[in-house]
Amino acid sequence: MSLRRVNVAILVLLAVAFLIIVQRNLLNLNDFLRSENPDAVPGMILPFESEFSPELRPDLVRTGEKIPVVITAAEERLGAVVAAMNSVYQNSKANIVFNIVTMNDTVDHLKVWMTKTKLNNVKYKIIIFEPQLLNGKITKNPQKLDSVKPLTFARFYMPVFIPDAEKAIYLDDDIIVQGDIQELFDTSLKSGHAAAFSDDCDSASAKGIVRGAGNQNNYIGFLDFKKEAIKKLGMRANTCSFNPGVIVANLTEWKRQNITNQLEHWMELNAQEDLYSKTLAESITTPPLLIVFYKHHSSIDPMWHVRHLGATGAGNRYSPQFVKAAKLLHWNGHYKPWSRTSSFTEVWDKWYIQDPMRKFHPVRKHAGDK
């Protein structure tokens, strides 16, 4: 009996030891995957959970070079994403693949919209964003925390979402494309440049600069030049800023320069030292991009990023003829085309597709949708 008990005890100990080894291996899975994939982002569980679009009818499949487009889909702005994608797809014959970055609780709603409307011909991949990725990288100030939207940082992680792509386009959700996205994708980037942006001093949008919220067309409007970490960079405060709502990215160069790691570094430093300008009116994603890409980025054709349509008085700044000629319109600012007060809403309405689940309602159309 005593020998049998010893044997049982040994088996129990072996089983416990085995479970401990398995647990440690699971906990270290992330480290293992990072070592296997040098382009992985620290702290990120790989691979991202993703789901591809259903197989399309053969006669509807577009061929040729793939154009990866990254766009985010927040539940409360899902109608905006749909309108943006519809405008991109309908104005081009290119082989577009949408990489839609969203949260778990939005996936089912998004899939219904993609499969039960005319978007069912579109190629897409749904990517789940993990908010814990931002731990230690954004402010803990409760007064500022409400304005932090995790998905706005998705553009920093493009090479992780689409690791096989050499080039990609990032689009904010409050845009409408009126030109052929192939033209934007063909934007030429200078040697050594990982991204192209539209400068805030360009001729098309400079007159739409947000006033009363700091000097929003140069670096001093986004960064606190009194902070030592900013001073040490030797950047000129009056350097023209750029808007990251539209990005053409060379992802090969992005990975080579470890752009994502650089951006995370400045996010973490800002969380500790509050480096951003106190007059900053909008994007908290812009400051780290301005630092990392200081005088080291290419330019987008100004007509491919006509912005400030969401600012006060945008209807007086742009003529209907100019808006019609623009290749891409961006309603950055407080007033969105699906809300009560905005300029050129009729342009956005043209591309909006009604929600088959009837959850999202443009405010102006709410009564008519009931």
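The values are calculated or read from the model by the stated rules, or taken from the named source; none is laboratory data. Predicted model, so just to flag it, every value in this text is computed and none were measured. Reconstructed Cβ throughout: ideal geometry from the backbone, glycine too, with neighbour counts over all protein chains shown. SASA here: full protein model, heavy atoms, side chains in, ligands and nucleic acids out. Shrake-Rupley method; radii C 1.70, N 1.55, O 1.52, S 1.80 Å.
Does region 110-126 hold any residues that are open to solvent by 10 Å² or more (accessible area, probe 1.4 Å) and in a strand (DSSP E or B), and which are they?
Across region 110-126, the qualifying residues are LYS123, TYR124, LYS125.
Can you name every residue in region 285-332 that is without any contact (Cβ under 8 Å) to a residue 24 or more places away in the chain, among the polar types (S, T, N, Q) and either closer than 23 Å to GLU183 by Cβ or not in a loop (DSSP other than H, G, I, E, B) (or both)?
ASN316, SER319, GLN321
When the residues of region 256-285 are narrowed to those that are over 19 Å from PRO150 (Cβ atoms) and open to solvent by 50 Å² or more (accessible area, probe 1.4 Å), which ends up modelled with the lowest pLDDT?
THR279
Could you tell me which residue of region 334-370 is modelled with the highest pLDDT, considering only residues that are out of contact with any helix residue (DSSP H, G or I) (no Cβ under 6 Å at 6 or more places or on another chain), farther than 23 Å from HIS305 by Cα and buried (at least 19 other Cβ atoms within 10 Å of the Cβ)?
So, considering only residues that are out of contact with any helix residue (DSSP H, G or I) (no Cβ under 6 Å at 6 or more places or on another chain), farther than 23 Å from HIS305 by Cα and buried (at least 19 other Cβ atoms within 10 Å of the Cβ), the one modelled with the highest pLDDT is ASP355.
Report yes if some residue within region 314-333 is at positive phi and open to solvent by less than 50 Å² (accessible area, probe 1.4 Å); otherwise report no.
Yes, some residue in region 314-333 is at positive phi and open to solvent by less than 50 Å² (accessible area, probe 1.4 Å).
Which residue pairs have Cβ atoms closer than 9 Å, lie 6 or more positions apart in sequence or on different chains, and pair a first residue in region 158-170 that is within 16 Å of ASN95 (Cα to Cα) with a second residue that is surrounded by fewer than 20 Cβ atoms within 10 Å (Cβ to Cβ) and basic (Lys, Arg)?
Between residues of region 158-170 that are within 16 Å of ASN95 (Cα to Cα) and residues that are surrounded by fewer than 20 Cβ atoms within 10 Å (Cβ to Cβ) and basic (Lys, Arg), the close pairs are ILE162/LYS125; ALA165/LYS66.
Do you know which of the residues in region 134-157 that are within 29 Å of VAL88 (Cβ to Cβ), modelled with pLDDT under 90 and not small (Gly, Ala, Ser) is most open to solvent (accessible area, probe 1.4 Å)?
Looking only at region 134-157, we keep the residues that are within 29 Å of VAL88 (Cβ to Cβ), and these are 134, 147-157.
Among the residues that remain, those that are also modelled with pLDDT under 90 are: 147-149.
Applying the additional criterion that residues be not small (Gly, Ala, Ser) yields 148-149.
On the way: VAL148: 21, LYS149: 109 Å².
That would be LYS149.
For region 62-84, which positions are closer than 10 Å to ILE353 by Cα and over 14 Å from the mean Cα position of the chain (by Cα)?
GLY79, VAL82, ALA83
Which number in (1) assigned to a loop (DSSP other than H, G, I, E, B); (2) closer than 11 Å to ALA83 by Cα marks the one condition that THR341 misses?
(2)
From the list VAL70, VAL107, VAL82, VAL88, pick out the single residue that is β-branched (Val, Ile, Thr) and in a strand (DSSP E or B).
Details: VAL107 fails: in a strand (DSSP E or B); VAL82 fails: in a strand (DSSP E or B); VAL88 fails: in a strand (DSSP E or B).
After applying the criteria, what remains is VAL70.
Take ILE176 and tell me if it is within 19 Å of LYS66 (Cα to Cα), at pLDDT 95 or above, among the β-branched types (Val, Ile, Thr) and within 18 Å of the chain's Cα centre (by Cα).
no
If I ask for residues that are open to solvent by 10 Å² or more (accessible area, probe 1.4 Å), at pLDDT 95 or above and under 21 Å from ILE247 (Cα atoms), which ones from region 59-85 would you list?
Within region 59-85, LYS66, PRO68, THR72, ALA74, ARG77 meet the criteria.
Identify, from the list SER241, SER299, SER319, SER277, the residue that is among the small types (Gly, Ala, Ser) and closer than 25 Å to GLU166 by Cβ.
Result: SER299 is the single residue among SER241, SER299, SER319, SER277 that is among the small types (Gly, Ala, Ser) and closer than 25 Å to GLU166 by Cβ.
Suppose we filter region 240-255 for residues that are modelled with pLDDT of 95 or more, closer than 29 Å to GLY333 by Cα and open to solvent by 20 Å² or more (accessible area, probe 1.4 Å); how many remain?
The number of residues fulfilling the criteria is 1.
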